[in-house]
Every structure is written in C-alpha cells, then in structure tokens.
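The values are calculated or read from the model by the stated rules, or taken from the named source; none is laboratory data. Quantities reported herein were computed from a predicted structural model and do not represent experimental measurements. Because the Cβ atoms are built from the backbone with ideal geometry, glycine has one as well, and the counts that use them run over all protein chains shown. We work out accessible area using only protein heavy atoms, side chains counted, and drop any ligands, DNA or RNA first. Shrake-Rupley method; radii C 1.70, N 1.55, O 1.52, S 1.80 Å.
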Protein chains: 4
Amino acid sequence: MSQTFIQTLRETVDAEWAQIKQGEFWRHVMSEPVSRPLYRDLMLQIYHYSRHNSMNQAVAAFVPAPEGLLKFVYRHAAEELGHERMVTHDLNSIGLLDEADLARAPLPATEALIGYLYYVALRYGPIARLGYSFWAEGVYGHIAGPFAKISQDLKLTSKNLTFFGSHAQADEAHIQQVEEAIERFATTPEDQALVVKVARTTLSLTGQLLDQVARQHRAPPGSALS
Amino acid sequence: MSQTFIQTLRETVDAEWAQIKQGEFWRHVMSEPVSRPLYRDLMLQIYHYSRHNSMNQAVAAFVPAPEGLLKFVYRHAAEELGHERMVTHDLNSIGLLDEADLARAPLPATEALIGYLYYVALRYGPIARLGYSFWAEGVYGHIAGPFAKISQDLKLTSKNLTFFGSHAQADEAHIQQVEEAIERFATTPEDQALVVKVARTTLSLTGQLLDQVARQHRAPPGSALS
Amino acid sequence: MSQTFIQTLRETVDAEWAQIKQGEFWRHVMSEPVSRPLYRDLMLQIYHYSRHNSMNQAVAAFVPAPEGLLKFVYRHAAEELGHERMVTHDLNSIGLLDEADLARAPLPATEALIGYLYYVALRYGPIARLGYSFWAEGVYGHIAGPFAKISQDLKLTSKNLTFFGSHAQADEAHIQQVEEAIERFATTPEDQALVVKVARTTLSLTGQLLDQVARQHRAPPGSALS
Amino acid sequence: MSQTFIQTLRETVDAEWAQIKQGEFWRHVMSEPVSRPLYRDLMLQIYHYSRHNSMNQAVAAFVPAPEGLLKFVYRHAAEELGHERMVTHDLNSIGLLDEADLARAPLPATEALIGYLYYVALRYGPIARLGYSFWAEGVYGHIAGPFAKISQDLKLTSKNLTFFGSHAQADEAHIQQVEEAIERFATTPEDQALVVKVARTTLSLTGQLLDQVARQHRAPPGSALS
C-alpha cells in the first residue's frame, strides 16, 4: 500500500520533470552554448532558495508530528545549514561572484518557492514537506545532463562544482531516508495528498525558476541564434 | 517621489503582463475556440485562490503596521469574504458546476499563489501585500480581452459573469484606494522593494496559473489544431 | 446543549473571577487608598495589551473558520482598533501620561497575555478566541467595584474614564453577539474545550496582571500600612 | 559589556526566583507534608510544557538568525525531544501514572507558557528564546530544595527521579553554552531587552504554574492545617 504510494508520488514527480525538460531552460542549455552570465544567474537563484531550506525545514515543527519524524526534521535542518556557501564558493572559484548580486531580489519563481516552503512548514508541517525532500534529494540525477553540458561549455572541474558534487554524493543515502520517512509517516490519504501536492508545487516552481533564468538570457529577436 | 514609485511599480507590473500575454493561455484563448472544459478549469482555479484572499489579507495584521493601513486591511478582508461563491454561481449558471471539482487539489501555480500570500502576510505584513492588491484590483482591464472572447465562444451573458462583472465595476474606486495606501505607507526603500517583489511574484504566479490551465487543454500532438 | 455549554463556560469564568477577587490587587484597591502611581501602572498594562487585541483577533483568520465567524472577526478587529488611545487619553486627562512609560516593557503577565493571544490566533483560530471575548466583553461588570473605588480615591469623573465608560456601554450588545457566536460555532466537544481553555488561561493571566500591578505598590514591610 | 548583560539578566532572574520562593508552592512544599497527588499534579504540568520545548525551539528558525545560533537551536531542539517521557517514567515508577491524566487540559499558567514560547519563536526568534534557556538550564539548582523535600516525603530514589536527575547532570555544560550564545548573539540593546523580557515572562509563568499546582491542594478552610 505505502509502496504503491511512493510509486504514485514518483509518477507525479516524473510527469513534472518531463514538462520541465520541454521548457526553455532545458532547450537553451542543451542546444546552445551556455554563457557565463546564464550560469551565474542560475547559481544565484540556487543561492537564494538554498539559504532557506534549513530554516523552513525546522519551522515545520510548528505542526504536531511523530517524534521519529521530528528527529529527521532536525537532522535534516542541521545538514542543510550553510549550504548556500557552496554556491558562492563555486561562483567565486571561476570569478563570477559579485557580493552585490547576492543582495538583489530573487526571480519570482525563486521567491515563490522560498515563501511557499515556509507556508508548507507552518500550515501543513513535517509530513507534507517530505514531498519537497522526495524530489529534491533526487534532483541530481535529473539535472546531471544540463550540468554536464554547462561544465563542458564553461570548462568547469569538480573544484568548481562543490554544491552539485557534494549533494550528488549524499544522494543515495538521503533518498532512502526520505522514502522510508514517507512510507512510515505519510500513511493516511490526507497526508499522502499533501505530500503529492507539495512535491508537485515545489517542483513546478523549480521548473519555473529554471525557465525564468533562461528567459533572462533569451537571444534577442533577429539575432543569429533566434 | 512616491508618485515615481507608483510609476516604477506599474512598469514592473506591465512587464509581467506583457509576458503573460505571450504565454500559452493568451494564445489559446485569443486564437482558438474556447471549450467549456477549459473555461470550467480556469474558473476552478479562480475559485481556489479567491477563497483565501480575505483570510490572507487579515492575517497580515501579524506584522505591526500603521492604524490607517490596518483599517484598510480589515475593510478589504471583509469585502473579499465569500467572493468565491460568485465563481461557483457563474459555473452553475451554465451547468458547469460539479461539487466534486471544488474538492480537487488546485494546480501547482494556484497552490503556490495561495501559500505565498499567507507567507507574505506572516513575514512581510500589510504594506508588502499592497503589491498584490495593486495589480489584482486592476486585473479586469487586462483580462477583458480573453473574457470577451470566452463570452463570445460560450455565449455567456452578464448573468453568467457575476464574478468578473462585480469586480470590474468595483475596480476604479479600489485601484485609487490601493494607490493611495501605497503612496501613504510604502515610503521607505525597503518597503517599496517588498511591494515590488510581492507584485511581481504574485502576478508571475497568476500567469503560470493561466498557462497551466491552458496546458491541460492543449490539443494532442498530431491533431488538426496543433 | 449549547445553552448548557455557555453555562459551563460561565461557571469556569466565574470561578476564575472568584480567585481574582481574593488576590492582592482586589484587596489593595478595595481596602487601601489607591495612589495615582498604582492607577497609572494599571492603565499602562491595559494600554499594552489593548494595543494588540485588534491584531490578534484578525490573525485568527489563519485557521480555517466559517464565513459567518470570519465576519464577526473582522468587525470585531475593526472595532478594537486604536482603543489604546482611550487609555492614554484617560491618563493624560489627569496629568499621568508620560510618553516614556509607554515604551517600557509590560509586566510579565501582560507580555504573556499578548503573546498567548497571538498563539491562540495562529494555532487555534477564531472559535477558540471566542473564549477570550466571552469574559472580556463582560469584564466591566466585574471590575466596576474597584473602578468605583479608584474613581472615588482619585476624584475621577466620566471625562477621565473614557476607556472604561465606552466599553461598559458597548457591553450588553457585545456580550450577546459573542454568546450567539459561541452557540453557533463552538459546537463540537473539541472546539468547546478550546473555548474553555482560552477563557480560563486569558482570565488567569489578567488576574496575574492585576496582582503584579498591586505587588509593585506593596507597602514596604514595617510601614504603617503593612 | 556583554558580561555586564549576563549579570543584569541574572539579577532579573534572581529577583523572579525570590518572588517564587515566597509563593504558595514553596511554602506548602517546604513546610507541609507533600502528598502523592500534589507531586503527581506537579509532574503532569511539567509533562505538558516539556512536550513542547523541542518544537518551540525549532520553530524559532522562522526569524532570521546567525548560522552559529541556528546550529545551537537545532542541537538543542534535538536534545529536548521526548524528554516528557522521563516525566511519565517517573510517575509510572511509583504507580502515579494514569494515561487519562495526560489528556486533561494543562493548568492556565502551563498553557500560557506553552503558547507564549511558540509566540516567542515566531515573533522574536532564536536570540530572544535564549532568555528562557538561560534560567531553564539553571533551574535545578533553584528547585533542589523542594525536590529534596518531596523525595523525602514520598520516599523517592534516583530511579524515580530521572527527569530531574538527568537534567541536573546536564546542567553545567548547558548553562555555559547558553551563556556563551547570549554573549555572542545578544549584543544589541534591542536583542538584550528581548532576552530579559522572555526570561522574566517565562519564569514568572513557571512560578504561577507552581502556585496553581499548590492551590489545587490547599487545605480546606477550617481543617487542622489551615
């Protein structure tokens, strides 16, 4: 039964990914030379939301939850703390870090993702937020393609990709923990519906984030590339 | 100075609208026959978020604000209360209301908009939320085109368009009140930046909402229309 | 059945009042000459919490509630707005207003009452908060005795007692509205238990507030009065 | 400068303790034989608030705070998790645990303490909440007297006092951590005022909690003990 739920959840997430892969970001990155400014702007958005992932995880404790899940929540919050510094490290390692950029407002989808996750925390609580963790921990498989292409275009090495690299390595263990938590705690139809809703909404916003980055770097109409 | 800010804000909003008008919803509605299911699905999304507009306005009182602005907040919250019933009335008036539809989860962008506005309320407060009111009160001018096309395609009369009609009429007075509130209360650079951020984010999410509705009704590849 | 609940609620509240009437404030005010500083300090605490009663009422809209109750919430929030100015008016009318006093931290029980009511709003919502309104709207009957004694001791007239006076007059209608709201909306055992809990907790804190004011003005040991 | 602040804070806390030690609980426990029901009712109140101490610590992450403080917050939240089970263990070890008691509403001061700490978390954040940790980590020194008297009256051994015992042992290290955190993070006058306010309010509520427990076990008027 709960195995079935993980499958349903995975299908929902895969459908969202399929849509993202037809979007402007994917098309741009995979079929055009990626510029340094586009990469910088992508990383800036990742910087913005990753700064909040620890806190909006911890805040989910506002909604009553089983002790085992709260343990997961606190460990997860502690692990995520400060991860945005890997983003700034990576930008800095190739001369793309400008402190002033960090203070600029995030793109609409990034801001919406940040705010929505605090809402999830305060309104729905830790079980629902597992929907975000479910796909976020497995994101690196999906985005390996674009990141390989970006690395190639910008001649990045593993030293320039600590954010991506460290998360990709932590991947397998984390995915299993999240799936176990979902199987153990998201057992009612109501909770499972919340997990699906949060998974879908946050992944959809992330797709928007990617496309909004790409849109900032759209070739002007009439140029050779358009 | 604050006159200038309203202008800046209007330019931000107009730029978002320009993008929305190039999106899939606009293209679909303006250049293809609109089906009853598409209209129903659009109205269902409006139903979902309009159910929360009163509450997420009131909750903004969590963040300290000037008394004059709180008066505006309470009056506005009271006025918005129950407006979703106009949506169900309009659907019902043409035989498109199925109660089961109302219980189904909103689309990702709708869910994100609902959640983000509660976040705005609890985190940023009443001044920032004026950014949403600013464009939302003036939305009817922008969407008059698509709604006229929909009305024509589905042979709707004013009796079927109470939600759109009543809001459109209240428009002028409300816009002026919101602009006055912005000029009076959003006077620091920080508050003005929040107003812009909330305006942009919520309008961008609304554009996504429209496009996600349209995507549900995309002609299948290989069909005559595609 | 719900009539019975109002009776249960009234008994709970009356038991709390009985305890308050045995407390240090009551004893001090009723049996010793009331000094201007004691009256000033009492009014300062009323100033502190009454500044928040409008907002912590509105914020209760965070928790889903019936439309009829939300109407009550918004109207009530609007009516309470700015009432703390009657307190400062009353202090000023007898030369006891010092703006610096308003900026000083409230006493522990006052701070707890303010914070607890925001918690009630965000966690329990509008039905539970009716427990506070239930006894607060009827407070003037209970405190008429001490206020008459204070008025006599300090030679206050109705011009110096606008906060007390205006609320006392609004009393009867408000009590009836609150009781009707409780009978209509607090119908499940869970909701009724919350109403009782909030009534008891907030009235107990108010009793503490009074006693903490009195304690500040306790005659030093060894003085003639002790 | 910050050394001075710790001293100020300690004086505030000591003044509150001095008052608590003149209260009904202290007098009752230190000068009359303590009954099993009184001890049970005390432990039930400790059960109620200690169930929330982990979560209302984690939720403080809603308010932006330095990374070093958030680390403290998460570790502290994780350490507090499930401590209420020591309370039920201790009650059970002497045949005083009745599951039905756990479901009963807490006393007003306990409920206020629980709610106020969530408010502190959402409104003031992690720095302010250090005011609670400051005295709570050092509570065991203050209450050693009453607990020794209770142990003697009820013939309790260390096996019956795991909650008190384990906390008392953890005391010294924790106090130092909290004081270091206060010295490092509560550096502005505003933040220091919040720390003092939260320390005072939460300790005052705890004093009320104790006195409300004692009041439940007051000898009836006319009995030999009164």
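Put simply, of D:T4, D:T8 the only residue that is open to solvent by 10 Å² or more (accessible area, probe 1.4 Å) and within 14 Å of another protein chain (Cβ to nearest Cβ) is D:T8. Pairing residues of the range C:187-198 that are in contact (Cβ under 8 Å) with a residue 24 or more places away in the chain with residues that are among the polar types (S, T, N, Q) and open to solvent by less than 50 Å² (accessible area, probe 1.4 Å), at Cβ distances under 7 Å and at least 6 apart in sequence or on separate chains, gives C:T187/C:S2; C:V196/C:T12. Taken over the range D:175-206, the criterion of being out of contact with any Pro (no Cβ under 9 Å at 6 or more places or on another chain) and closer than 12 Å to D:L113 by Cα is satisfied by D:V198, D:A199, D:T206.
Taking the condition more than 16 Å from A:H28 (Cα to Cα), in contact with a helix residue (DSSP H, G or I) (Cβ under 6 Å, 6 or more places away or on another chain) and not aromatic (F, W, Y), does A:T157 pass?
Taking the combined requirement at face value, the residue does not satisfy it.
Total residues in the range D:69-102 satisfying the condition of being open to solvent by less than 30 Å² (accessible area, probe 1.4 Å) and more than 16 Å from the chain's Cα centre (by Cα): the figure is 11. Of the residues C:D14, C:D41, which is among the charged types (D, E, K, R) and touching a His at 6+ places or on another chain (Cβ under 8 Å)? None of the other options fit; the residue is C:D41. As a summary of the residue check, C:T110 satisfies the conditions (1) closer than 23 Å to C:T88 by Cβ; (2) surrounded by fewer than 19 Cβ atoms within 10 Å (Cβ to Cβ); (3) polar (S, T, N, Q) except for the one numbered (2).
Within the range C:45-67, how many residues turn out to be more than 10 Å from chain B (Cβ to nearest Cβ), over 30 Å from C:D211 (Cβ atoms) and open to solvent by less than 30 Å² (accessible area, probe 1.4 Å)?
Restricting attention to the range C:45-67, the residues satisfying the condition of being more than 10 Å from chain B (Cβ to nearest Cβ) are C:45-50, C:53, C:66.
Among the residues that remain, those that are also over 30 Å from C:D211 (Cβ atoms) are: C:66.
Filter again for open to solvent by less than 30 Å² (accessible area, probe 1.4 Å), leaving none.
Counting residues in the range C:45-67 that are more than 10 Å from chain B (Cβ to nearest Cβ), over 30 Å from C:D211 (Cβ atoms) and open to solvent by less than 30 Å² (accessible area, probe 1.4 Å) gives 0.
Going by the structure shown, is A:R218 in contact (Cβ under 8 Å) with a residue 24 or more places away in the chain, open to solvent by 30 Å² or more (accessible area, probe 1.4 Å), more than 30 Å from B:A60 (Cα to Cα) and within 14 Å of another protein chain (Cβ to nearest Cβ)? Here the answer is yes, as A:R218 does meet what is asked. Could you tell me whether any residue of the range C:119-137 is in contact with an Asp or Glu (Cβ under 9 Å, 6 or more places away or on another chain), within 14 Å of chain D (Cβ to nearest Cβ), in contact (Cβ under 8 Å) with a residue 60 or more places away in the chain and surrounded by fewer than 16 Cβ atoms within 10 Å (Cβ to Cβ)? No, because not a single residue in the range C:119-137 is in contact with an Asp or Glu (Cβ under 9 Å, 6 or more places away or on another chain), within 14 Å of chain D (Cβ to nearest Cβ), in contact (Cβ under 8 Å) with a residue 60 or more places away in the chain and surrounded by fewer than 16 Cβ atoms within 10 Å (Cβ to Cβ). Scan the range D:71-88 for residues that are touching a residue at least 24 places away in the same chain (Cβ under 8 Å) and either in contact with a Gly (Cβ under 6 Å, 6 or more places away or on another chain) or at the interface with another protein chain (Cβ under 9 Å from one of its Cβ atoms) (or both) and the total you get is 4.
The residues on offer are D:L107, D:L102, D:L91, D:L154, and the sole one that is more than 30 Å from A:S54 (Cα to Cα) and within 14 Å of chain C (Cβ to nearest Cβ) is D:L107.
Among the residues of the range D:1-59, the ones that are among the hydroxyl-bearing types (S, T, Y) and in contact with an Asp or Glu (Cβ under 7 Å, 6 or more places away or on another chain) come to 4 in all. Summed over the range B:11-44, residues that are more than 21 Å from B:A105 (Cβ to Cβ), among the charged types (D, E, K, R) and either touching a Ser or Thr at 6+ places or on another chain (Cβ under 9 Å) or open to solvent by less than 20 Å² (accessible area, probe 1.4 Å) (or both) total 1.
Are any residues in the range B:189-226 among the aliphatic types (A, V, I, L, M), at pLDDT below 95 and within 24 Å of B:P108 (Cβ to Cβ), and if so, which ones?
Correct list: B:A219 only.
Could you check, for the range D:153-167, whether at least one of its residues is basic (K, R), over 27 Å from D:N92 (Cβ atoms) and surrounded by fewer than 18 Cβ atoms within 10 Å (Cβ to Cβ)? Scanning the range D:153-167 turns up no residue that is basic (K, R), over 27 Å from D:N92 (Cβ atoms) and surrounded by fewer than 18 Cβ atoms within 10 Å (Cβ to Cβ).
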